[in-house]
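Here is the structure we will look at, set down as structure tokens.
The values are calculated or read from the model by the stated rules, or taken from the named source; none is laboratory data. Computed from a predicted structure; not experimentally measured. All Cβ positions, glycine included, derive from the backbone under ideal geometry; neighbour counts span all protein chains shown. Each accessible area value is taken on the protein alone, full model and side chains, heavy atoms only, with ligands, DNA and RNA left out. Shrake-Rupley method; radii C 1.70, N 1.55, O 1.52, S 1.80 Å.
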Amino acid sequence: MKRRLVSTLIGMTMVAVMLGGCGGGTDTTEEAADDTAAEAEADESGDEAASGDLITVGYAQVGHESDWRTANTENYQNTFTAENGYELSFVDADNDNATQIEAVRTFIQQELDYIVIAPIETAGWDTVLEEADSAGIPVIIADREIDSDNYDAFVGTDSVAEGVTAGNWLGEYLDGAEANILVIEGSVGASAALGRTEGFNSVADEHSEWTILDSQSGDFTQSGGQEVMESFIKSYEGQFNVVVCQNDNEAYGAMDAMDAAGITYGVDGDVIIISFDATHDGLQYTLGGKINCDVECNPIQAEIVAEVIQAMEAGEEYPERTIVEDSAFVAPGIESAFATEMTQEILDGRAY
Ligand code: GYE
């Protein structure tokens with residue numbers, strides 16, 4: 001990243017952050033979550049809105065491929081409002097890299113105050129980020145990671161840790177029993193997919209009794225998950241007992257394909273299903289015992305991005321790297337050291 005990184009941990013809101021200074025600061029300050037939140041509240045008290053001087057923010061969104069994405073988009077649209085002092089330019093790139101890079105270029109031409117990017121892929125960002133840097137527009141990378149470090153702040157989740165959680169849970173659940181695993185990966189080149197694969201494989205490497213039979217991209221969509229599962233069933237019917245879906249929508253598609261083939265899954269079935277995201281419907285399936293374990297990925301990130309922007313506006317120190325902490329949920333009746341047993345109460349209390 002452009003500015004020097006210093007590590008600290010925000011306890012209360014359970015986010016790990018690396019603090020960076022304005023003007024190339026090198027301080028090693030530790031800051032409590034309540035202070036950060038209080039500052040943000042004070043900053044968002046509506047002064048900008050009252051003066052009519054809105055902060056212009058461009059958000060180059062991945063697309064609308066999943067329930068997670070819909071929740072994330074709504075979160076941005078509800079946070080970066082005129083009432084809160086912002087004018088949001090929102091672009092849905094429909095999972096197309098060129099469209100997303102073009103959107104960022106347009107934000108630069110429009111001389112927006114801040115650019116937020118949820119990058120479709122990790123690669124290919126150097127040139128346009130150089131252009132934003134030359135134009136003096138701060139860039140916040142959100143949700144997924146990129147290869148370049150030419151940006152000002154990152155807000156997102158730790159997909160490697162999510163993959164490790166999935167692997168650890170499976171190890172605990174199987175307790176030494178054999179696993180023949182099929183993986184439906186997310187979009188090719190997306191850090192959320194790469195990280196989940198890396199994390200899960202790091203645990204699988206420690207289990208000689210596990211075999212990963214195949215691993216294919218379902219593009220984070222329900223139809224992609226269904227197609228991949230249909231082809232897996234053709235090739236491996238009767239040979240697998242675990243399906244790892246790298247998001248909930250893929251899991252819905254995989255369950256449809258297994259239903260059609262008469263394959264049972266979940267706590268009372270032949271196949272263990274692991275999913276990621278823990279969106280509302282995914283947790284509904286977990287509560288119903290159809291998904292064994294759903295590893296959370298929190299899409300509610302816009303408020304944290306807004307706090308970063310407010311700190312930048314004020315010329316204050318801001319967190320350069322905020323990792324939103326995730327948990328995991330398991331079907332009722334499964335006891336786990338890595339995940340919480342689902343209840344109706346948990347489902348009712350979910351914001352997305
Ligand atoms: O898991 C998936 C979405 O980048 C973390 O993208 C995000 C992923 C999420 O399409 O559902």
Counting only residues 5 or more apart in sequence or on a different chain, those whose built amide H sits under 5 Å from that of Tyr265 are Asp270, Val271
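Determine the per residue accessible area of the stretch 182-257 with all protein chains present and a 1.4 angstrom probe, expressed in square angstrom.
On the way: 2880 Å² over 76 residues.
The answer is 38 Å² per residue.
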Got a number for the accessible area of Lys290? Probe 1.4 Å, square angstrom, nearest 10. 90 Å²
At a Förster distance of 45 Å, what's the computed FRET efficiency of Ser208 paired with Arg350, Cβ-Cβ distance as r, to 0.05? 0.75
Peptide ranges 243-251, 170-178 listed from the most packed, as the mean C-beta count within 10 angstrom indicates: 243-251, 170-178
Ignoring ligands and nucleic acids, Arg196 exposes an accessible area, probe 1.4 Å, in Å² to the nearest 10, of 10 Å²
Can you divide the C-alpha Rg of the chain by 2.2 N^0.38 Å and report the result to two decimal places? 1.03
A convex hull over the alpha carbons of the stretch 95-248 yields, per residue, a volume in Å³ of 112 Å³
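Using only DSSP helix segments of four residues or longer, with each worth -39500 (n - 2.57), what per-residue ellipticity at 222 nm results for the chain after dividing by its residue count and rounding to 500? Could you put the intermediate results ahead of the total?
Details: 12 runs with 135 residues, N = 352.
Result for the chain: -11500 deg cm²/dmol, rounded to the nearest 500.
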Non-local amide H neighbours of Phe220 (under 5 Å, H modeled in plane, Pro and chain starts lacking H): which ones? Ser187
Residues of the stretch 127-171: accessible area per residue at 1.4 Å, in Å²? 28 Å²
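Given a 1.4 angstrom probe, I'd like the percentage of the accessible area of the chain that is carbon and sulfur, rounded to a whole number. Walk me through the numbers before you get to the answer.
Working: 6390 of 14390 Å².
Answer for the chain is 44 percent, counting heavy atoms of protein chains only.
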